[in-house]
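Asks: Let me begin by handing over the structure; questions about it come next.
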Amino acid sequence: MNLKKVKYLIYALGAACVLMILLLGITKSLVFLWLAMAFGVAIVVVNLRFWRCPHCGGNLGRDVSHYCTHCGHRLDDLL
């Protein structure tokens with residue numbers, strides 16, 4: 001999976017998590033709490049598993065710059 005797809009997947013999971021929290025506030029149904037927690041766990045799993053430099057395999061972390069902090073390869077064309 002390339003970094004652009006991973007970035008959009010993380011954004012989509014985050015949006016789904018926020019939506020579940022909003023629905024929890026409106027309906028007071030615990031189903032939305034469990035779904036929000038599941039989406040939160042999915043964000044962490046996707047981040048740890050797939051948000052890696054394609055050159056060295058190092059985790060990119062939260063602060064993604066134009067270069068990998070581990071090997072120094074350029075990431076602009078991949079994001």
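The values are calculated or read from the model by the stated rules, or taken from the named source; none is laboratory data. All values reported here derive from a predicted model rather than from experimental measurement. Cβ placement follows ideal geometry from the backbone for every residue including glycine, while neighbour counts extend to all protein chains displayed. Surface accessibility is based on the protein's heavy atoms, side chains included, excluding ligands, DNA and RNA. Shrake-Rupley method; radii C 1.70, N 1.55, O 1.52, S 1.80 Å.
Asks: How are the Cα pair distances of segment 33-79 distributed, in percent, across 10 Å bins from 0?
Replies: Per 10 Å bin, starting at 0, the Cα pair percentages come out as 27, 43, 21, 9, 0.
Asks: Let me ask another. Mind listing the lone cysteines of the chain, meaning no other Cys beta-carbon sits under 4.7 Å from theirs?
Replies: If one checks each Cβ against the other cysteines of the chain, Cys17 turn up with nothing under 4.7 Å.
Asks: Rounded to the nearest 10 Å², what accessible area does Lys5 have for a 1.4 Å probe in the complete protein model?
Replies: About 130 Å², rounded to the nearest 10.
Asks: Any idea what Rg and Dmax come out to for the chain if you just take the C-alpha atoms, in Å?
Replies: 15.3, 48
Asks: Taking the Cα-to-Cβ direction at Met1 and at Ala42 and moving 7 Å from each Cα, how far apart do the two end points lie in nm?
Replies: With each label placed 7 Å out from Cα toward Cβ, I get 1.0 nm.
Asks: Let me ask something else. Round to a whole number: what % of the accessible area of the chain belongs to carbon and sulfur, probe 1.4 Å?
Replies: 68 percent
Asks: Same structure, new question: Round to the nearest 10 and give me the degree value, 0 to 90, for the angle of helix 30-50's Cα axis relative to the longest principal axis of the chain.
Replies: Result, in degrees: 10.
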